[in-house]
Amino acid sequence: MNYEEKIRKIFEKREQPPLCYVHSYGCQQNVSDGEKITGILCGLGCGVTVSRDKADIIVLNTCAVRENAEVKVYGHIGELKHLKKENPGLIIIICGCMAEEEKTTAKLRQSYPFVDILFGTSAMRELPRLLYEVLTEGGFVSDTACRNGECFEGISPVRTDCYKAGVSIMYGCNNFCSYCIVPYVRGRERSREPENIIEEIKGLAEGGCKEIMLLGQNVNSYGKGTAAGIDFPELLQRINRIDGDFRIRFMSPHPKDAGRDFFNAVAECEKVCKSVHLPLQSGSDRILKEMNRGYTAERYMELVDYARSVMPGLSLTTDIIVGFPNEGEEDFRDTMEIMKRVRYDNIFSFIYSKRSGTRAAGMEDKTPEAEKSERMQRLLTLQRQLAEEGYKRFEGKIFRVLFDSEYNGFISGKSNEFIITLVKGERSLIGTMHDVRVTKTHNWAVEGEIVG
Ligand code: SAH
Ligand code: SF4
Ligand code: F3S
């Protein structure tokens, strides 16, 4: 018998199937991993619960990208101590990107000895073995070995939503941006074979899925090392040809790998949303070099100009890091300057967080934290102003919106342009796509009425 069968036998003997609670803290890739982990547990005979207190197995799927992400996870692990005391049979599992950091095992053993299992980002398939060891022998077990090349084929996810789905097309990252921990915790870049991706998306489209988000740390570097040898623009074209009423997004492309063929493919494929998240990080060439980003501010602007020349209505969003080691006022102004030139519809901005093991962690940094916070406030104020003006261009426009939630008496969704769109309506709208005429704009969302 393999571990799966052995565990199923153990669980079948219980009065009720054990319930698992899986919480993912990080990016969409991390959420997507969480869905696969839920899939593995369901395959072993578990049910799913959204209530941590009712769970027999708790999985915290962690993120290590910034220090505050880790602090949050440790806070939540601490809260599990009393649950374990009340229910000694409870199994607590920590996985995800933090599991790959060396310091995590020691910290868990020392301060959180009630954790049962720790496994790394490429050890998902080992979960049944680890669980079996805990169920039969108890104690703490871990597997954080790096399995380069693992693309998790054949693991069926249990997805949170049925109308929108994240589909990983590649894993890992080879870029080693100097501030970033991802290449250390996710391993080397590898891509799935296109047939497997297409099969998965066909199944989702046939099942009525309305939005496919292609996921990867650097999606437009897709294809290296695959047998099929196709690149990201070609993959987009192939996915675009799949039958069905669904739209395609992707997250995140890297500016250094974004050539004309990339933007041309986005422009040509009618199912691909005309919105691109193009992480800038900084507008200062000196800082971009220190960050090892592989482009200059001018090169970035050339990309933006080309993208808008082939897609005049294109919506752009970005990531910005404020307060990278020794970012000066001049450097920061360069970032503000690019923001004014691009006029993003949304930005995700972060104060630099030192990650041990990365190159930037060894750089001296004389900028006081208060100055970084003040810069962040200026950045956010500018973005609000730019979006206030920028969103006015949407007034009277028809947006195609996939509704996904309730918000303050509205039903909320995202348009093809990735703009939050609010309408008055029934909850039953959630999971459906409609045309909406924009009647009012804010600096973070628009309001409108369903038409047709
Ligand atoms: N692979 C993606 C994003 C990875 S992490 C990309 O390259 O775009 C998401 C964002 O977190 C990054 O774009 C960056 O803006 C931010 N980030 C990463 N490491 C960080 C750090 N050490 N401190 C602050 N922000 C960071
Ligand atoms: Fe991190 Fe850079 Fe890779 Fe993105 S491209 S995951 S920022 S190293
Ligand atoms: Fe976080 Fe890992 Fe994603 S560090 S951002 S969960 S790849």
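The values are calculated or read from the model by the stated rules, or taken from the named source; none is laboratory data. Predicted model, so just to flag it, every value in this text is computed and none were measured. Glycine gets a Cβ as well: all are built from the backbone with ideal geometry, and neighbour counts include every protein chain shown. In case anyone asks, the SASA skips ligands and DNA or RNA and just uses the protein heavy atoms, side chains included. Shrake-Rupley method; radii C 1.70, N 1.55, O 1.52, S 1.80 Å.
For this structure, a couple of remarks:
- Built amide H within the under 5 Å cut-off of residue 26, gap 5+: 31
- At an R0 of 41 angstrom, the distance between the Cβ atoms of residue 53 and residue 435 translates into a FRET efficiency of 0.45.
- Restraint check, 202/414; 81/164; 256/372; 271/440; 103/164; 13/107, Cα-Cα greater than 30 Å: 81/164; 103/164; 13/107
- Solvent-accessible surface (1.4 Å probe) assigned to residue 19 amounts to roughly 50 Å².
- Local electrostatic count, residue 265, Cβ distance below 11 Å [Lys/Arg +1, Asp/Glu -1]: -2
- Of the whole protein surface, residue 121 contributes about 10 Å² of accessible area at a 1.4 Å probe radius.
- Using the Cβ-Cβ distance between residue 442 and residue 326 with R0 set to 35 Å, the FRET efficiency from 1/(1 + (r/R0)^6) comes to roughly 0.45.
- The chain: angle of helix 67-86 to the longest principal axis, Cα-based, in degrees nearest 10: 30 degrees
- Residues of segment 282-311 with amide N under 19 Å of a point placed 7 Å along Cα→Cβ from residue 270: 311
- Average accessible area per residue (Å²) across the chain - probe 1.4 Å, nucleic acids and ligands excluded: 44 Å²
- Added length on full extension, which subtracts the Cα-Cα distance from 0.36 nm per residue, residue 397 to residue 153: 83.7 nm
- Segment 38-55 and segment 240-284 have their alpha-carbon centroids 35 Å apart.
- The chain: angle of helix 102-111 to the longest principal axis, Cα-based, in degrees nearest 10: 50 degrees
- Backbone N within segment 200-226 under 19 Å of label point (7 Å from residue 363 Cα along the Cβ vector): none
- Summing charges over neighbours of residue 295, with a neighbour being any other residue whose Cβ is under 12 Å away from its Cβ, gives 0 when K and R count +1 and D and E count -1.
- Rounded to 10°, Cα long-axis angle of helix 28-43 versus longest principal axis of the chain: 30 degrees
- Looking at segment 124-182, the GluC sites (Glu not before Pro) that sit in a DSSP loop and have at most 13 other Cβ atoms within 10 Å of their own Cβ are 153.
- By the helix-only formula, in which each DSSP H run with n ≥ 4 contributes -39500 (n - 2.57) and the sum is divided by residues, the chain has a 222 nm mean residue ellipticity of -11000 deg cm²/dmol.
- Segment 1-46: trypsin sites (Lys or Arg not before Pro) in DSSP loop, at most 12 other beta carbons within 10 Å: 13, 14
- Per-residue SASA entry for residue 164, accessible area with 1.4 Å probe, Å² rounded to 10: 60 Å²
- Full-stretch length increase - residue 309, residue 333 - with 0.36 nm per residue and alpha-carbon distance subtracted: 6.0 nm
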